[in-house]
1. Would you say Glu51 is in contact (Cβ under 8 Å) with a residue 12 or more places away in the chain and either of a type outside the set (Gly, Ala, Ser) or in a strand (DSSP E or B) (or both)?
2. Being among the basic types (Lys, Arg) and open to solvent by less than 60 Å² (accessible area, probe 1.4 Å) is the filter here, so list the residues in the stretch 1-34 that pass it.
3. Of everything in the stretch 35-48, what is surrounded by 15 or more Cβ atoms within 10 Å (Cβ to Cβ) and either assigned to a helix (DSSP H, G or I) or acidic (Asp, Glu) (or both)? Give them in sequence order.
4. Would you confirm, using the coordinates I've provided, whether Val18 is aliphatic (A, V, I, L, M) and touching a residue at least 40 places away in the same chain (Cβ under 8 Å)?
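The values are calculated or read from the model by the stated rules, or taken from the named source; none is laboratory data. All figures in this text were calculated on a predicted structure; none of them were measured in a lab. Reconstructed Cβ throughout: ideal geometry from the backbone, glycine too, with neighbour counts over all protein chains shown. Note: areas computed on protein heavy atoms with side chains; ligands, DNA, RNA excluded. Shrake-Rupley method; radii C 1.70, N 1.55, O 1.52, S 1.80 Å.
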Amino acid sequence: MKKRKLLKINKLLYESVVKDFITENGLNVQYSYTKDHFYLFSDESTINRLETQASGFNLL
C-alpha cells in the first residue's frame, strides 16, 4: 500500500498553475477546498511532484 499525503495550497495560485499541471500529467489527486485553500490528497510521490512544482512558482 502506498503512503498517502496531504498538501495545503493557496486557492488562487492552485487555480492558476497547479490545476493545469495535474491535468497535463494525468495525476490522480483527490481534493477538498475552503474559501482560501485547496487540500490535495494523493500518494506520497504525486504530492512530492506537486510540492516541487508549487515551490518552483513560490505557491507554498
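1. Values: in contact (Cβ under 8 Å) with a residue 12 or more places away in the chain: yes; either of a type outside the set (Gly, Ala, Ser) or in a strand (DSSP E or B) (or both): yes.
When the stated conditions are applied, Glu51 passes them.
2. Correct list: Lys5, Lys11.
3. Of everything in the stretch 35-48, those that are surrounded by 15 or more Cβ atoms within 10 Å (Cβ to Cβ) and either assigned to a helix (DSSP H, G or I) or acidic (Asp, Glu) (or both) turn out to be Asp43, Thr46, Ile47.
4. Spelling it out, Val18 is indeed aliphatic (A, V, I, L, M) and touching a residue at least 40 places away in the same chain (Cβ under 8 Å).
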